[in-house]
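The values are calculated or read from the model by the stated rules, or taken from the named source; none is laboratory data. Keep in mind that what you see is a predicted model, and the values were worked out from it rather than measured. Glycine gets a Cβ as well: all are built from the backbone with ideal geometry, and neighbour counts include every protein chain shown. Ligands, DNA and RNA are stripped out before the accessible areas are found, and what is left, the full protein with its side chains, is counted by its heavy atoms. Shrake-Rupley method; radii C 1.70, N 1.55, O 1.52, S 1.80 Å.
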Amino acid sequence: MALDGIFLRHIKNEIESVALGARVSQVYQPNRDELVINLRTFQGTKKLLLSARANSPRINFCEETPENPAQPPMFCMLLRKRLGTGKLTAIRQEGCDRILFLDFECVNELGDLVKLTLACEIMGMYSNIIVINGENGVIIDALKRVDLTMSSQRPVLPNVKYELPPAQDKINILTKDAIEIAERLKKLKAEMPLSKALLSVIQGVSPIICRELEYRVLEGATNRLEGALFDKLVAELVSLKALTEACTGKPCIVYREDGKPMDTAFMPILQYHGFLKTREADSFSKALESFYRERDSRERMRVKTQSLVKLLNNTRERISRKIIKQQSELAQCADREGLRIRGDLLQANLYKIKKGAEYAEVENFYDENNGTLRIKLNPAISPAANAQKFYKDYQKAKNAEIALAKQIKKGSSELEYVESVLDEIDRAENERELAQIREELTEQGYLKKQKSKQRQNAQLPPIEFESNDGFKILVGRNNRQNDKLTLKTAAKNDVWLHTKDIHGSHVIISCNGKQPSEEAILYAARLAAYHSKARNSSNVPVDYTLVRHVSKPNGAKPGMVIYTDNKTVYVDPVKP
């Protein structure tokens with residue numbers, strides 16, 4: 001999906017109709033590529049989202065705003081200082097180019113009125129938000145700075161004159177006649193499909209609009225653009241020009257067969273013959289917000305969890321290598337009985353062995369067949385010392401086996417814990433859940449404690465559901481909450497559920513002295529399967545038992561419990 005210039009023109013018109021003359025009340029920067037500006041309008045406060053993300057650049061009003069970090073970034077602080085209480089005086093667009101200029105009237109430190117411009121460039125991976133001095137056109141700062149090593153043609157740095165991106169050789173439909181545009185397209189039609197010709201000639205149209213125009217003009221025909229086909233093309237271009245000038249387009253969302261949004265447009269889309277569903281949105285801003293909502297929330301969480309996932313993956317690899325090495329050493333200890341036998345045989349045959357011998361051939365009385373055993377000796381020491389060395393190596397191997405077994409068990413437990421936290425991060429839905437996971441990792445020593453004072457995050461409650469027959473079901477969000485839910489919150493006769501041998505949340509059916517129904521147990525089991533690492537699987541085994549049969553071993557990691565008297569059901573996960 002590409003946000004084209006004509007769609008952006010409709011967005012511009014939408015913002016102008018609501019927010020022109022509005023005052024800035026607050027500026028937020030939820031992440032490194034997005035800004036949210038709160039505007040006080042006559043219709044109440046409106047939130048304007050400016051995104052320079054490579055896969056979802058846009059500008060639109062939004063209702064659901066992303067969570068903000070505890071500490072605002074420096075670029076956000078700059079905007080708060082320069083833009084605070086500023087008034088939006090104008091919104092400009094160069095033709096149908098994908099750049100919007102937002103002009104603000106602000107007050108500087110001396111109390112003088114100054115002009116500040118935000119340039120919102122919607123250009124895919126090159127998208128940017130640039131703060132410009134409206135008096136002299138000099139860049140104050142940019143969300144993404146571009147130095148000479150990144151671009152020798154157009155640096156974007158403080159104290160550099162702002163320049164527009166290099167112009168493309170495309171026609172602005174607002175300034176050219178439809179017949180002139182059609183004549184140029186007619187020449188290109190012999191070399192390429194009409195949709196590609198439209199994309200290469202007209203400024204501000206996306207691929208889906210070009211395909212739609214081709215469908216409406218040709219309707220499957222492959223002839224040259226002559227006669228009636230040429231007239232139809234001119235008519236469509238006239239209609240497109242009128243729509244663009246008056247901003248009379250209709251926001252439309254196209255959905256795939258699986259129900260996921262595929263594209264947006266500023267006009268009805270007919271080319272799919274009903275195979276793909278289309279829906280008209282209430283406004284252009286709502287069309288963009290609906291289109292990007294689910295995908296953006298996942299992408300934001302992915303970006304925010306990168307550092308944690310990298311840390312835990314490195315920890316997991318380190319623990320795995322350590323366990324493999326310990327298991328190899330443990331395998332070497334398996335021959336310790338052979339060391340003791342050699343020591344016994346040497347001790348029993350000391351009188352036969354000469355000092356300085358390199359080998360000793362002794363009768364092996366441990367062998368049922370009364371065979372002999374050839375033992376390698378250290379000629380530098382006495383036979384008795386050789387026997388003692390075998391005993392010492394035997395004891396060392398025995399002690400090592402005990403220690404290694406403990407270390408392997410401890411490492412396996414830690415590995416299980418790390419994998420459970422990775423599963424938590426994968427299922428985290430907001431910044432508050434991530435903050436609690438960070439607190440847990442800090443307590444366990446995987447993260448360093450921050451010296452600076454940070455805002456305390458309120459503890460999120462367990463996720464609450466209700467079965468059709470009225471039983472309350474609670475689902476833990478993370479390991480610490482799992483412990484609290486199971487060991488402190490739940491009553492002894494409540495039902496506890498967890499996926500069998502699969503990382504996931506603890507689930508509690510609050511019974512209040514009643515016998516839980518089979519329907520409630522199955523629903524809770526499906527919730528347990530969904531809130532686990534097996535959420536995309538089917539026929540997932542889920543164990544359930546009474547809370548009184550669940551206990552936590554001493555020294556166990558958060559979320560780790562043992563249980564008895566359990567039963568198992570096999571269910572498919574259900575998304576709440």
Legend entry - region 542-564, subset of a type in the set (S, T, N, Q) and open to solvent by less than 70 Å² (accessible area, probe 1.4 Å), residue nearest to Asp483 (Cα to Cα): Ser551
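The rows are residues; the columns are (1) under 15 Å from Ile130 (Cβ atoms); (2) in contact with an Asp or Glu (Cβ under 9 Å, 6 or more places away or on another chain); (3) touching a residue at least 60 places away in the same chain (Cβ under 8 Å).
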position: Val24; (1), (2), (3): no, no, yes
position: Gln29; (1), (2), (3): yes, no, no
position: Arg53; (1), (2), (3): no, yes, yes
position: Ile59; (1), (2), (3): yes, no, yes
position: Ala90; (1), (2), (3): no, yes, yes
position: Phe101; (1), (2), (3): yes, yes, no
Legend entry - Selection from region 184-202 of residues that are in a loop (DSSP other than H, G, I, E, B) and either crowded, with 22+ Cβ neighbours inside 10 Å or among the acidic types (Asp, Glu) (or both): Glu191
Inset, instruction - Determine if region 537-555 includes at least one residue that is under 20 Å from Glu419 (Cβ atoms), in contact with a Phe, Trp or Tyr (Cβ under 6 Å, 6 or more places away or on another chain) and part of a loop (DSSP other than H, G, I, E, B). - result: no
Inset, instruction - Hey, can you tell me all the residues within region 373-384 that are loosely packed, with under 15 Cβ neighbours inside 10 Å and within 18 Å of Arg340 (Cβ to Cβ)? - result: Arg374, Lys376, Asn378, Ala384
Legend entry - Number of positions in region 156-168 that are in a loop (DSSP other than H, G, I, E, B), open to solvent by less than 50 Å² (accessible area, probe 1.4 Å) and under 17 Å from Ile99 (Cα atoms): 2
Legend entry - Residues (open to solvent by less than 30 Å² (accessible area, probe 1.4 Å) and outside any loop (DSSP other than H, G, I, E, B)) located in region 458-497: Ile473, Leu474, Val475, Asn479, Gln481, Asn482, Asp483, Leu485, Thr486, Val495, Trp496, Leu497
Inset, instruction - Could you check, for region 369-390, whether at least one of its residues is in a helix (DSSP H, G or I), within 60 Å of the chain's Cα centre (by Cα) and either on the phi < 0 side of the Ramachandran plot or not charged (D, E, K, R) (or both)? - result: yes
Inset, instruction - With respect to Val205, determine if the residue is under 44 Å from the mean Cα position of the chain (by Cα), under 24 Å from Ala281 (Cβ atoms), in a strand (DSSP E or B) and not hydroxyl-bearing (Ser, Thr, Tyr). - result: no
Legend entry - Hits in region 441-483 - residues which are at pLDDT 85 or above and within 19 Å of Pro69 (Cβ to Cβ): Leu441, Thr442, Leu447
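Conditions tested, residue by residue: (1) basic (Lys, Arg); (2) surrounded by 13 or more Cβ atoms within 10 Å (Cβ to Cβ).
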residue: Tyr359; (1), (2): no, no
residue: Ala400; (1), (2): no, yes
residue: Gln407; (1), (2): no, yes
residue: Lys410; (1), (2): yes, yes
Inset, instruction - Kindly indicate which of Leu243, Leu213, Leu218, Leu237 is over 42 Å from the mean Cα position of the chain (by Cα) and more than 30 Å from Arg154 (Cα to Cα). - result: Leu218
Inset, instruction - Filter region 458-504 down to residues that are closer than 15 Å to Ser551 by Cα and of a type in the set (Lys, Arg), then give me how many there are. - result: 4
Inset, instruction - Identify, from the list Asn536, Asn512, the residue that is of a type outside the set (Asp, Glu) and under 25 Å from the mean Cα position of the chain (by Cα). - result: Asn536
Legend entry - Hey, Met262 within 21 Å of Ala182 (Cα to Cα) and either touching a residue at least 60 places away in the same chain (Cβ under 8 Å) or among the aliphatic types (A, V, I, L, M) (or both) or not: no
Legend entry - Residues satisfying the stated conditions in region 322-355, i.e. open to solvent by less than 50 Å² (accessible area, probe 1.4 Å) and not in a helix (DSSP H, G or I): Asn349, Ile353
Legend entry - Top-ranked residue of region 412-421 - restricted to ones that are open to solvent by 30 Å² or more (accessible area, probe 1.4 Å) and in contact with a helix residue (DSSP H, G or I) (Cβ under 8 Å, 6 or more places away or on another chain), ranked as nearest to Lys325 (Cα to Cα): Ser412
Inset, instruction - Please determine, by comparing only the residues of region 52-74 that are crowded, with 19+ Cβ neighbours inside 10 Å and in contact with a Leu (Cβ under 8 Å, 6 or more places away or on another chain), which one is farthest from Gly5 (Cα to Cα). - result: Cys62
Inset, instruction - Considering only region 84-100, state which residues are open to solvent by less than 50 Å² (accessible area, probe 1.4 Å) and more than 31 Å from the chain's Cα centre (by Cα). - result: Gly84, Gly86, Leu88, Ala90, Ile91, Gln93, Gly95, Cys96
Inset, instruction - Check Ala142, Ala119 and return the single one that is open to solvent by less than 50 Å² (accessible area, probe 1.4 Å) and closer than 20 Å to Ser25 by Cα. - result: Ala119
Legend entry - Index of the failed condition, Lys406 passing every other in (1) under 24 Å from Lys322 (Cβ atoms); (2) touching a residue at least 60 places away in the same chain (Cβ under 8 Å): (2)
Inset, instruction - Output yes when any residue across region 209-228 is open to solvent by 10 Å² or more (accessible area, probe 1.4 Å), under 21 Å from Gly95 (Cα atoms) and touching a residue at least 60 places away in the same chain (Cβ under 8 Å), and no when none is. - result: no
